[in-house]
1. Would you check the accessible area of residue 31, probe 1.4 Å, heavy atoms only, in square angstrom rounded to 10?
2. Just the accessible area per residue of segment 138-282, please: how many Å² with a 1.4 Å probe?
3. Quick one: which residues, 5 or more positions from residue 5 or on another chain, have an amide H under 5 Å from its amide H? H modelled 1.01 Å from N in the peptide plane, none for Pro or chain starts.
4. Set the bar at 23 Å for Cα to Cα. Now go through 207/231; 162/337; 76/125 and name every pair that lies beyond it.
5. Under a 5 Å amide H to amide H cut-off, with H placed in plane at 1.01 Å, what residues pair with residue 246 once short-range neighbours are removed?
6. Carbon and sulfur: what percent of segment 1-71's accessible surface (1.4 Å probe)?
7. HN-Hα J couplings of segment 128-135 from phi, Karplus 6.51/-1.76/1.60, θ = phi - 60°, integer Hz, Gly and Pro as x?
8. Could you report segment 4-132's accessible area per residue, 1.4 Å probe, as an integer in Å²?
Amino acid sequence: MGRVQLFEISLSHGRVVYSPGEPLAGTVRVRLGAPLPFRAIRVTCTGSCGVSNKANDTAWVVEEGYFNSSLSLADKGSLPAGEHSFPFQFLLPATAPTSFEGPFGKIVHQVRAAIHTPRFSKDHKCSLVFYILSPLNLNSIPDIEQPNVASATKKFSYKLVKTGSVVLTASTDLRGYVVGQALQLHADIENQSGKDTSPVVASLLQKVSYKAKRWIHDVRTIAEVEGAGVKAWRRAQWHEQILVPALPQSALPGCSLIHIDYYLQVSLKAPEATVTLPVFIGNIAVNHAPVSPRPGLGLPPGAPPLVVPSAPPQEEAEAEAAAGGPHFLDPVFLSTKSHSQQQHLLATLSSVPGAPEPCPQDGSPASHPLHPPLCISTGATVPYFAEGSGGPVPTTSTLILPPEYSSWGYPYEAPPSYEQSCGGVDPSLTPES
C-alpha cells in the first residue's frame with residue numbers, strides 16, 4: 001500500500017458552505033504504513049476565477065485571484081508510522097465572491113495540503129473544494145418591492161393595404177425573487193387591427209457574461225409559458241406565474257470576470273413585439289408587501305398613458321362591424337396553452353428548499369431561513385453540511401428546460417444589460433463594459 005495510506009483534508013463539523021469574513025477551520029489527516037521523512041507540511045487556502053473561450057475547457061484565458069494564504073503545519077523532520085492530525089484555521093476575506101460554475105468559467109475556493117519530501121522523492125498532495133455564499137439581500141436594491149412594468153407598441157401591415165398596431169404591456173409583482181418564489185406575471189395585449197395575433201410567450205431568461213478576450217454571453221431559457229393569441233379588434237389580459245428554480249444569484253459582486261443577469265421576456269411572433277423586464281435573483285427575499293398594479297394598466301415612470309379607443313358612434317359601429325372594423329369590447333382573459341413547469345409547479349411550490357415563507361397577515365416581514373440555498377450553477381445546489389467533499393447536488397425538479405434551449409457565443413441582440421434597463425441600480429451590480 002506504500003508509506004502514505006491516507007492523506008486528506010476535512011473541515012470542522014462537516015461544513016461545506018461559508019460566508020465571507022468567517023473563519024474556516026479543519027484538519028489534515030495522514031496515515032502512514034512506514035516512517036516518512038519530509039522537508040515541510042503546508043496547507044494553503046485559495047480563491048480564484050478562471051474564464052475560457054471554449055465551453056467546458058479549463059485552459060483559462062483570463063484569471064483573477066481573490067485570496068491565497070498558507071500555513072506551515074510542520075517543519076523538516078520525519079513522521080513515524082501511524083495516524084497524524086494537523087489542525088488549521090484561515091480567515092476568509094470579507095470581499096470573497098460567491099462560488100459559481102458555468103460552461104465558460106468558474107469561481108473556485110479550495111484548501112490544498114502538501115507533504116514536501118526530500119529530493120528525488122515524490123511529494124504528496126491533496127485538496128478539498130469548499131464554497132462561499134455572499135448572500136444577495138434583495139432589500140438592498142432600490143425599488144425592489146415595486147412592480148416591474150414595461151410596454152411596447154408595434155405597427156404593422158396586413159392584407160397588403162391595411163395597417164394596424166398592437167400594444168403589449170407586461171408587469172411583475174416585484175423586481176426581485178428568491179429560489180422557490182413564484183413570479184407573478186400580468187400581460188395586457190390590445191390588438192388594434194383586423195388580424196388575430198400569434199400566441200403570447202413569456203420566458204425567464206438567464207444571461208451569463210464571461211470576460212475573456214471579449215465578452216462571451218451564454219443566454220439560456222430557464223422556463224417558458226405560452227398563452228393564447230388575441231382576436232382582431234380585441235383587448236385581452238393574461239395572468240400567469242413562473243416558479244423560480246435553483247438558480248445562481250444575480251451579479252456575483254466581487255468578481256469582474258463573470259456577471260449574471262435575469263430577464264422576463266414577453267413576446268408575440270406575429271406581429272413581432274417584445275417586452276423585456278430585468279429581474280434580480282437573490283438569497284434573501286423582499287420583506288415588503290409588493291405593490292400590485294392593476295393588470296395591464298401599469299406604466300413605467302414618465303411613460304405616456306395608454307390611449308384606449310372609445311367606442312365609435314352607433315352608426316359608425318354598425319358600418320365598421322359589417323366591414324370587419326374595430327368594435328372593442330370588455331377585456332377577455334387569455335388561457336394558457338403550455339407551461340414548462342406545469343406538471344411540477346404545485347408540488348414544487350411546497351417542497352423547494354429555501355422557499356420564502358408567506359408573509360404574516362399583519363404585513364410584518366416574513367422570517368428568512370437560517371441558511372439560504374447556495375445554487376452554484378443552474379439546477380445544482382450545495383448542502384451546508386456534508387460528509388466528504390460535499391459537491392453540488394443536481395435538483396430533482398425538471399423545472400429547467402433541456403440544454404438545447406441554451407445559445408452561447410457572441411449574440412448580436414443579447415438582452416439589455418442591467419445598467420441599460422435600470423439606470424438607478426447600484427453600479428456594483430452591473431458588469432463592466
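The values are calculated or read from the model by the stated rules, or taken from the named source; none is laboratory data. The structure presented is a predicted model; accordingly, all values stated were derived computationally and were not measured. In this analysis, Cβ positions are derived from the backbone assuming ideal geometry, glycine residues included, and neighbour counts consider all displayed protein chains. Keep in mind that these areas ignore ligands, DNA and RNA; they rest on the heavy atoms of the full protein, side chains included. Shrake-Rupley method; radii C 1.70, N 1.55, O 1.52, S 1.80 Å.
1. Looks like 80 Å² after rounding.
2. 31
3. 31, 32, 33
4. Flagged as over cut-off: 207/231; 162/337.
5. 379
6. It is 45 percent, rounded to a whole number.
7. Each residue of segment 128-135 in turn: 9, 7, 10, 10, 10, 10, 9, x Hz.
8. On the way: 6130 Å² over 129 residues.
That works out to 47 Å² for each residue.
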